[in-house]
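The values are calculated or read from the model by the stated rules, or taken from the named source; none is laboratory data. All figures in this text were calculated on a predicted structure; none of them were measured in a lab. Cβ placement follows ideal geometry from the backbone for every residue including glycine, while neighbour counts extend to all protein chains displayed.
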Amino acid sequence: MKHLSIIFICFTLIFCAQSRAETILAVGDDNGALELAHWLYYTPAKKADSIDSVKDLHSRSWQRLTPAYNNRIGVEAFWVKFSIYNAKKIPIDRILSLANPHIDLIHLYHMVNGEMNDRVIMGESLPFSQRPIINNHFIYPFQLEPGDLHTFYLKIETEGSASLPLSLSSPKTFAKNIESSSLTNGFQLGALTAIGLFSLFIAISSRSFSYSYYSGYVLSVTLLVATLHGFAFRFLWPQWPLLQKYMIPFLIPSAIFFVLLFTEKVLQLKYHNLGMLRLCRYGAAFAVILALVTPFLNYSLSLYINIITVLIVTTLLMVMAIIQAFKGHKLAKLYTLAWSGMLIGSFVTSAMYLGLIELPVSYLTPLMLGLLFEIIFMAAVLAIRYNDERIAKLKTQQEAVIQAQRSRETRVHALRIEAQSNENLEQMVQERTLELEVALRELNEANQKLTEKATIDGLTGVKNRAAFDKRLLAEGRLSRRQQTPMALLMLDIDNFKSINDNYGHLAGDQTLRLIAQILKEQLKRPGDLVSRFGGEEFAIILPNTGEEGAMQVAELIRQTISELSIRWKESSISLTISIGVSAEIIDTEQDPTQLLDQADKALYRAKNEGRNRVMVYTESL
């Protein structure tokens, strides 16, 4: 009976191959991976919507699947089928893999000798836990019995890329390939994350906008790469497929936003080319708008817009860098070299997504290579700029030392003149002595002013960040020694950017000075300290103050400023502030820094809950 079945299957294969002109794949006992591109046939879903109607389609309704049909974005739903059989006399285990993690919905029907064997629904639009095997790709394991004909029907529905890199492999080969790709992708994501966090730490410690923008760019790209490879969906938001759908159109403009601002800083366009500066800022504003409107656009349309935007921005930045390089800007030359890799990689990947070119590699491979090349060289550009700034600072310090030496030499010379003149004319000695005393007094006053200026913020007249950090440590030690509470207030002017945008930076400066003056007036005790923390943020240290007292001070400050109205030219500017409060008794050396972090978290909460309010840090924040 088994022999008759095998003869029947062979006859069926021959008949099917002749009548349908289809190529059926004969699977042996090899352990390698086999790409199925040459055995795939397709038909549009509008011809048949159900599996029963698809099975009844005439062979002329099926055509060989070529990249020209489906390697695009926004392809209408279509069916794909292929047939395989086991030519050996032993059962063979195989794994079907679809290495495109961004297919929205896949209906897989597994037929054995014309009878339904299994049905599986997979896709990016479903929670990750619903996949047959937990993997970034879509995996379906099955077993081939000797002589059985297996036919697979896949209904593909997606708004993104409809590329179908289907492969058939043994479990051993599949595990080996997955391990290799995971190692490669993990190394790449780890390197990007390390560079992004390293740049972020440098930005925090040096308060450098260049490193801040570069860190934002690298971290955005890192999350984008993780999303493209399916890692983000698997590990970060596996139960939110809707979020997965909109992350790519959101992350692309985010990366564009940061890279445009980074380019503005690293090429120093503020000093070299105001036209390019405005172009970068307009582009950054467009990126923000694109990121915000993405959820309201058709997914395919948003992908097309983002891809075209990437092509335009990469080309624009390359042209700007080349122009600056020809003008002799040292960093622009390195920037041009670094950006060339990104330009080539993004062009090739975008062209493949748009169906303009076909290459025997993954869509992401050119982009990943160009991205890695670009990020490494950009890090070198930042390092060179940081070194140049350090050298300039050292030069300034050396000039100050030379000036001080000259001042000392002048004093010595004056003393010598005094000694020599003392032997001849007492009156002249007295006059010289008087002049020297005046010079010394002025020098002492200048030194005192310089010392005071080093701790004062030049714009607002309150203490600066350096004085705040020093005072925070000192008050922390005092609180720990005396076991008395210490409070910290973090204040931020609400919507300060709109003041600068609507009334100009002079109005913003006047606002900062007025706020600083009010803060100084509200602090009655000599030990209280108000300082400008950075930008539109202020910080207040209240020694020997508990949470209730700190809240009273904070609420008084908030109410005073909310009732304030600034007159600027013919306009009236209303102000509000948000305040984060944290108070406790310091127990360790690290607690003052922790207190600052808690106040900052409370401020962040106050901002999120509507601004113009005081928020006290609690463990739930």
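May I ask you to say which residue of Leu277, Leu317, Leu301, Leu251 is at pLDDT below 85 and among the hydrophobic types (A, V, I, L, M, F, W, C)? Steps first, answer last, please.
Details: Leu277 fails: at pLDDT below 85; Leu301 fails: at pLDDT below 85; Leu251 fails: at pLDDT below 85.
Only one candidate qualifies: Leu317.
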*Taking Pro132 and the conditions (1) loosely packed, with under 13 Cβ neighbours inside 10 Å; (2) modelled with pLDDT under 90, which numbered condition does it fall short on, given that it satisfies the others?*
(1)
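Rundown of residues vs (1) of a type in the set (Ser, Thr, Tyr); (2) at pLDDT 85 or above; (3) surrounded by 14 or more Cβ atoms within 10 Å (Cβ to Cβ); (4) closer than 19 Å to Glu115 by Cβ, yes/no style:
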position: Leu34; (1), (2), (3), (4): no, yes, yes, no
position: Trp39; (1), (2), (3), (4): no, yes, yes, no
position: Thr43; (1), (2), (3), (4): yes, yes, yes, no
position: Lys46; (1), (2), (3), (4): no, yes, no, no
position: His58; (1), (2), (3), (4): no, yes, no, no
position: Ala68; (1), (2), (3), (4): no, no, no, no
position: Arg72; (1), (2), (3), (4): no, no, yes, no
*Only residues in the range 316-327 that are closer than 10 Å to Leu267 by Cβ count as the first member; pair them with residues that are among the hydrophobic types (A, V, I, L, M, F, W, C) and outside any helix (DSSP H, G or I), Cβ under 8 angstrom, at least 6 apart or cross-chain, and list the lot.*
Met320/Leu267; Ala321/Leu267; Gln324/Leu267
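To keep it simple, each residue is scored yes or no on (1) surrounded by 22 or more Cβ atoms within 10 Å (Cβ to Cβ); (2) free of Cβ contacts under 8 Å to residues at least 40 places away in the same chain.
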{"residue": "Ile557", "(1), (2)": "yes, no"}
{"residue": "Thr588", "(1), (2)": "no, no"}
{"residue": "Leu596", "(1), (2)": "no, no"}
{"residue": "Leu603", "(1), (2)": "yes, no"}
{"residue": "Asn608", "(1), (2)": "no, yes"}
_Residues (touching a strand residue (DSSP E or B) at 6+ places or on another chain (Cβ under 9 Å), under 29 Å from Ala68 (Cα atoms) and at pLDDT below 90) located in the range 138-163_ = Glu159, Gly160, Ser161, Ala162
*Residue check for Arg72: over 24 Å from Asp148 (Cβ atoms) and either in contact (Cβ under 8 Å) with a residue 60 or more places away in the chain or touching a Pro at 6+ places or on another chain (Cβ under 9 Å) (or both)*: yes
*Spans of strands (runs of 3 or more DSSP E) in the range 480-552 with at least 1 residues within 19 Å of Val616 (Cβ to Cβ), touching a helix residue (DSSP H, G or I) at 6+ places or on another chain (Cβ under 7 Å) and of a type in the set (Gly, Ala, Ser)*: 485-493, 537-543
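Condition first: under 17 Å from Tyr604 (Cα atoms), in contact with a Leu (Cβ under 9 Å, 6 or more places away or on another chain) and not aromatic (Phe, Trp, Tyr). Now tell me which residues in the range 536-556 satisfy that.
From the range 536-556, those under 17 Å from Tyr604 (Cα atoms) are 536-540, 551, 554-555; that's our starting set.
Next, from what is left, pick out any that are in contact with a Leu (Cβ under 9 Å, 6 or more places away or on another chain): 536-540, 554.
Across the range 536-556, the qualifying residues are Glu536, Glu537, Ala539, Ile540, Ala554.
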*List every residue pair whose Cβ atoms sit under 8 Å apart, with the two residues 6 or more apart in sequence or on different chains, where the first one lies in the range 559-580 and is in the same structural domain as Gly504 (by TED's automatic domain parsing) and the second, anywhere, is surrounded by 10 or more Cβ atoms within 10 Å (Cβ to Cβ) and of a type in the set (Phe, Trp, Tyr).*
Trp568/Tyr503; Lys569/Tyr503; Ser571/Tyr503; Ile573/Tyr503; Gly580/Tyr604; Gly580/Tyr617
*When you look at Lys470, is it within 22 Å of Asp597 (Cα to Cα), charged (D, E, K, R), within 36 Å of the chain's Cα centre (by Cα) and surrounded by fewer than 17 Cβ atoms within 10 Å (Cβ to Cβ), yes or no?*
yes
*Residue by residue through the range 310-335, note down the ones that are within 23 Å of Val225 (Cα to Cα) and buried (at least 18 other Cβ atoms within 10 Å of the Cβ).*
Val310, Val313, Thr314, Leu317, Tyr335
*asked:* Looking only at helices (runs of 4 or more DSSP H) that lie completely in the range 156-245, which have at least 2 residues being touching a residue at least 40 places away in the same chain (Cβ under 8 Å), outside the structural domain of Asp104 (by TED's automatic domain parsing) and of a type in the set (Phe, Trp, Tyr)?
replied: 209-228, 231-235
